[in-house]
Amino acid sequence: MSLIEEVNSLKEKFKTEASDIRDLKALEQLRVDYLGRKGIISTQFDRMREIPPEERRAFGKTLNEIKNIVSNQLDELKKTLGAIGHKKELLDHTLPGRKDFIGGLHPLTYIMDEIIDIFRGMGFVVETGPEAETAYYNFDALNTPFWHPARDLTDTFYLDLPAEKHKSWLLRTETSPVQIRVMERQKPPIRIIAPGRVYRNDKPDASHSPIFMQVEGLYVDKGVTMADLKGTVLTFYRAIFGPDTETRFRPHFFPFTEPSAEVDVTCIFCKGKGCRVCKKSGWLEMGGSGMVDPNVLEGVGIDSEVYTGWAFGLGIERIAMLKYGVDDIRLFYENDLRFLEQF
Ligand SMILES: [Zn+2]
């Protein structure tokens, strides 16, 4: 056998030996046997000097090729054995069991579900709409004139800002655009609630968050009156805060409604006697409401001589904070498990 043939036979020898390897320890031994400083391949390199000079080049080349093959196969084997070893670990029956982590609903989701249930019980259907809105749906259609301060940069997150503000895209500042979208495509009777996220350019503090959740309600039909509004709102707050709850309507101004009123409920902490939370008044401010402005109805093609409607809005965080005794709105958005796990 020539030297080259002899060296070539090493390939087969290595393959046979490698096929018997079953663990990482044996693999390491095989590596030392072949690639170690005194290993088979080094020894062969040492034989270069016995070879006639004209054959050395071919011999060296072959030996290098074998060295590469051996080295690559050792790496492959290591990967395979490593994976098997890992599998074995997973099957170790003495290891303690892994506990499932049980997730929960976000407190705002709990409140939202409760609110939706109450209104569904009164025949309202849930409607949703996009969070990125046009200034038309967010302001114009809601009777908010172009000079209104709510349209200001300091209150609204604009997504673009062309010269004419009423043509802009923005993050909706309330869920009212949903009401417009529904009235555009559906004829009365309309009885909907629109829950969802809204955005305002507020600096975060204990009572402000640039993102928060709202529910708005809208009822449009023939002969709908302010009395229906008061009855519905009272029924809702009694369902959410308890049967002793009373409501109070204070005159206010909103572009979307006329007349408009702020809704207060009996302070849930002192039951109306007056305490620190209600600033001794016995009442808590909850949200806005009113009779839908005829301009808004006409704008979506509903005859305001035939139909009337009312609308109201309330903040989910406000209700959650009162019900759960949370004193900082930011806690709902920081996603700290120590807070969330309490619900
Ligand atoms: Zn109070």
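The values are calculated or read from the model by the stated rules, or taken from the named source; none is laboratory data. For clarity, every value in this text was computed on a predicted model and none was experimentally measured. Positions of Cβ are generated from backbone atoms using ideal geometry, with glycine treated the same way; all protein chains shown enter the neighbour counts.
Data overview
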quantity	calculated
Extreme residue, nearest to E114 (Cα to Cα), among residues of the range 221-280 that are in contact with a Lys or Arg (Cβ under 8 Å, 6 or more places away or on another chain) and among the polar types (S, T, N, Q)	T245
Options T173, T156: the member that is among the hydroxyl-bearing types (S, T, Y), over 23 Å from G309 (Cβ atoms) and not in a strand (DSSP E or B)	T156
Single unsatisfied condition, T308 versus (1) buried (at least 17 other Cβ atoms within 10 Å of the Cβ); (2) within 16 Å of the ligand (Cβ to nearest atom); (3) not small (G, A, S)	(2)
Pair list, Cβ < 7 Å and 6+ apart or interchain, from the range 256-285 residues that are more than 17 Å from R238 (Cα to Cα) and assigned by TED's automatic domain parsing to the domain that holds N143 to residues that are part of a loop (DSSP other than H, G, I, E, B) and more than 11 Å from the ligand (Cβ to nearest atom)	F256/N143; F256/D293; T257/D293; E258/D293
Lone unmet requirement of (1) assigned to a loop (DSSP other than H, G, I, E, B); (2) within 16 Å of the ligand (Cβ to nearest atom); (3) in contact (Cβ under 8 Å) with a residue 40 or more places away in the chain for G223	(2)
Contacts under 8 angstrom Cβ, first residue in the range 1-13 being modelled with pLDDT under 80, partner surrounded by 15 or more Cβ atoms within 10 Å (Cβ to Cβ), 6 or more apart	L3/I51; L3/F59; I4/F59; I4/T62
Single unsatisfied condition, E174 versus (1) acidic (D, E); (2) touching a residue at least 24 places away in the same chain (Cβ under 8 Å); (3) surrounded by fewer than 18 Cβ atoms within 10 Å (Cβ to Cβ)	(3)
Residue check, V306 over 19 Å from F139 (Cα atoms), at pLDDT 90 or above and assigned to a strand (DSSP E or B)	no
Residues within the range 268-291 that are among the aliphatic types (A, V, I, L, M), more than 13 Å from the ligand (Cβ to nearest atom) and modelled with pLDDT under 95, tallied	1
Extreme residue, nearest to the ligand (Cβ to nearest atom), among residues of the range 226-255 that are in contact (Cβ under 8 Å) with a residue 12 or more places away in the chain and among the basic types (K, R)	R248
